[in-house]
Amino acid sequence: MDKTAEVFVIDDRDAGIFRVNRRVFTDPECLERERRRVFDKCWIYAGHESEVPHAGDFQSRNVAGRPMILARGDDGKVRVLLNTCTHRGALVCRQKSGNAKTFQCPYHAWTYNSRGQLIGVPGEDSYSPAFKRDEFALAQPAQVDNYRGFIFVCFDPATESLYDYLAGAKEYLDLVADQSELGMKVVAGVQAYSARANWKLLVENSYDGYHGLPTHQRYFGFLSDIGVDMRGNNGNNIASPHRQQTVDLGNGHAVLEYQSAWGRPIAHWVPSFGEHRKAHFEELRRRFEERFGAERAYRICETSRNLGIFPNLVINDIMAITIRAFYPVAPDYMEVNAWALAPMDESAEDSALRLDNFLTFLGPGGFATPDDVEMLESCQRGFANREVGWSDISRGMKREKPSLTDELQMRAFWRRWNQLMTEPQTARARRAA
Ligand code: FES
Ligand code: FE
């Protein structure tokens, strides 16, 4: 990027002006800088501990542009192993998931155990005495930590602890993790899709309350057709719910929280779930009240949350819970993974409701995601008009209490992003870059 283009964000709080330079969505140099300054420095979501419940279980996936293995060792410990053979580089694990005592590299057959230690080298006697197996274990990220089952990695040893990094987002992860006494589990399978759009457009979209009605008209029409009361079953209007808040959670994280008109399989009954299930939902709700008191039970059961954890993790706790993580492949192309999260002890009938919601609204073939992807790709195509250099993110900026359809949450993201992208680098970081 040339010097003039290095203004990525205009943030004039007095005037209420907030603009983002559209080159940040199209410029390959900007993406390179993001890789170093954002993805190599922040805590990045790698997976959920429930995905590897037994010793030897593994999941291989790409995280922050790197192939990795989420593996539970024979000692019961969950590790993140970098999926590259320490001999000459090949992937040592080429399956998506499974259970294995060892990972054997297909190239020259070096073998690692489930803890990542090198345990077999064909023809080892050909190496000099300087060859030490210990030095060839599979590498691991500089930091790995877990908050209530959510596992994150960080490639910078100097970055603050995960606990501090998550800042105010912990409260909202708790509202998800508390949905079961036995813990939460990722339902097997993943929705994997891609979009011809910059990854930050999906950040904005994931908690954009402004686009709901125009972009998802078809879905709201469908809800109305199947008999959902669009004023909500509590006098709550789907377009402007009460008990709503938009919160800047610090460190670039933000959340929308609102009372939703739709049903939530956790414990918010709506007529479309069927009269016969009402008592069951009342019982679930009673148990939450017993555990947490009326106010917290209400929040867990009846409010929905769109939570963005900087930079690229979104947890939508709405009519189902979706964990969504996405990565740039190119400035105008991203890959998205979405998993459904559910209580360990959920009944088969509740689980069916949840998964139906997961597919119907949120899935890549559902009512929402195709419309969203279409809009993001449309923005990306529009950026070809380089004469129009800036996007506007100022909605609600001068309002004392921004509403759900304002853009405070996006400004929280962009301010943190801009800080990381422009802050002076230490000599060490400059050398590494
Ligand atoms: Fe893996 Fe040679 S690259 S054994
Ligand atoms: Fe949407």
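The values are calculated or read from the model by the stated rules, or taken from the named source; none is laboratory data. Quantities reported herein were computed from a predicted structural model and do not represent experimental measurements. Cβ atoms come from the backbone with ideal geometry, glycine included; neighbour counts cover every protein chain shown.
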TODO: State all residues of segment 328-352 that are crowded, with 18+ Cβ neighbours inside 10 Å and more than 29 Å from Arg287 (Cβ to Cβ); if no residue qualifies, say none.
DONE: Pro328, Pro331, Asp332, Met334, Val336, Asn337
TODO: Within segment 2-40, track down each residue that is closer than 24 Å to Leu408 by Cα, part of a loop (DSSP other than H, G, I, E, B) and not polar (S, T, N, Q).
DONE: Val7, Phe8, Arg13, Asp14, Ala15, Gly16
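Residue-by-condition table, conditions (1) within 16 Å of ligand 2 (Cβ to nearest atom); (2) surrounded by 19 or more Cβ atoms within 10 Å (Cβ to Cβ):
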{"site": "Arg354", "(1), (2)": "no, yes"}
{"site": "Asn357", "(1), (2)": "yes, yes"}
{"site": "Phe361", "(1), (2)": "yes, yes"}
{"site": "Gly365", "(1), (2)": "yes, no"}
{"site": "Asp372", "(1), (2)": "yes, yes"}
{"site": "Asn385", "(1), (2)": "no, no"}
{"site": "Trp390", "(1), (2)": "no, no"}
Task: Exclusive hit being more than 10 Å from ligand 1 (Cβ to nearest atom), in a loop (DSSP other than H, G, I, E, B) and either modelled with pLDDT of 95 or more or among the small types (Gly, Ala, Ser) (or both), set Leu91, Leu138, Leu81 - done: Leu138
Open item on the list: Based on this model, can you work out whether Arg115 counts as among the basic types (Lys, Arg) and in contact with a Ser or Thr (Cβ under 9 Å, 6 or more places away or on another chain)?
Closed with: no
Open item on the list: If I filter segment 92-112 for residues that are among the aliphatic types (A, V, I, L, M) and in contact with a helix residue (DSSP H, G or I) (Cβ under 9 Å, 6 or more places away or on another chain), do I get at least one hit?
Closed with: no
Task: Qualifying residues in segment 162-179 (those that are in contact with a Phe, Trp or Tyr (Cβ under 9 Å, 6 or more places away or on another chain) and of a type in the set (Ser, Thr, Tyr)) - the one surrounded by the most Cβ atoms within 10 Å (Cβ to Cβ) - done: Tyr165
TODO: Evaluate the following for Arg218: is it modelled with pLDDT under 90, surrounded by fewer than 17 Cβ atoms within 10 Å (Cβ to Cβ), more than 19 Å from Met410 (Cβ to Cβ) and within 16 Å of ligand 2 (Cβ to nearest atom)?
DONE: yes
TODO: Residue by residue through segment 94-105, note down the ones that are assigned to a loop (DSSP other than H, G, I, E, B) and surrounded by fewer than 18 Cβ atoms within 10 Å (Cβ to Cβ).
DONE: Arg94, Gln95, Lys96, Ala100, Lys101
Open item on the list: Among the residues of segment 303-316, are any in a loop (DSSP other than H, G, I, E, B), farther than 25 Å from Asp27 by Cβ and aliphatic (A, V, I, L, M)?
Closed with: no
TODO: Sort out which residues of segment 61-80 are touching a Ser or Thr at 6+ places or on another chain (Cβ under 8 Å) and buried (at least 20 other Cβ atoms within 10 Å of the Cβ), and write them in order of number.
DONE: Met68, Ile69, Leu70, Ala71, Arg72
Task: Pair list, Cβ under 7 Å, 6 or more apart: segment 50-76 residue under 22 Å from Ala330 (Cα atoms), other residue modelled with pLDDT of 95 or more and of a type in the set (Phe, Trp, Tyr) - done: Asn62/Tyr327; Ala64/Phe39; Ala64/Tyr327; Gly65/Phe39; Gly65/Tyr327
TODO: Count, please, the residues in segment 320-357 that happen to be touching a residue at least 40 places away in the same chain (Cβ under 8 Å) and either on the phi > 0 side of the Ramachandran plot or of a type in the set (A, V, I, L, M, F, W, C) (or both).
DONE: 17
Task: Residue check for Met319: touching a helix residue (DSSP H, G or I) at 6+ places or on another chain (Cβ under 9 Å), more than 16 Å from ligand 1 (Cβ to nearest atom) and modelled with pLDDT of 95 or more - done: no
TODO: Evaluate segment 106-113: report whether one residue or more is within 22 Å of Gly189 (Cα to Cα), away from ligand 2 (no atom under 16 Å from the Cβ) and either buried (at least 17 other Cβ atoms within 10 Å of the Cβ) or of a type in the set (Phe, Trp, Tyr) (or both).
DONE: no
